[in-house]
């Protein structure tokens, strides 16, 4: 099975923040804090050689996945503390972990997200959003 960066990202978020990370949406119920991450896109560099009809070898293609990571917390301060912990753990990471080879990971953007009330809660929930770019090796 080809490598994909989402297993590494989930494990890195959970190790750094100490909270559960869910792909795409919250499916387990429960109150914040938690993290939701979703892949926005995966792009691939296309390399052409001098003949234009040769197919680049697989090791010359470098997929780059872009994720949105949203931290949900009971306070604005807690949301930013968790965001700093996650950013600190994944920004500029390169290596092999959880069976995946990460060529590099960059946190491109950090911003306040929406604040509001989750269904059934009287306490507001605050969010911080991160944009993360991961260049990974498919092996």
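The values are calculated or read from the model by the stated rules, or taken from the named source; none is laboratory data. Just so it is clear, the structure is predicted and the values come from calculations on it, not from any experiment. Quick reminder, even Gly has a Cβ in these numbers, built from the backbone with ideal geometry, and neighbours come from all protein chains shown.
The residue pairs whose first member lies in segment 3-28 and is touching a residue at least 40 places away in the same chain (Cβ under 8 Å) and on the phi > 0 side of the Ramachandran plot, whose second member is exposed (fewer than 15 other Cβ atoms within 10 Å of the Cβ) and in a helix (DSSP H, G or I), and whose beta carbons are closer than 9 Å, counting only pairs six or more residues apart or on different chains, do not exist in this structure.
For residue 75, are the conditions met, namely being at negative phi, surrounded by 13 or more Cβ atoms within 10 Å (Cβ to Cβ), at pLDDT 95 or above and over 16 Å from the mean Cα position of the chain (by Cα)? Yes; evaluated as a whole, the condition is true for this residue. Within segment 76-120, the set of residues being without any contact (Cβ under 8 Å) to a residue 24 or more places away in the chain, over 20 Å from residue 26 (Cα atoms) and not in a loop (DSSP other than H, G, I, E, B) comprises 77, 81, 84, 95, 96, 109, 111.
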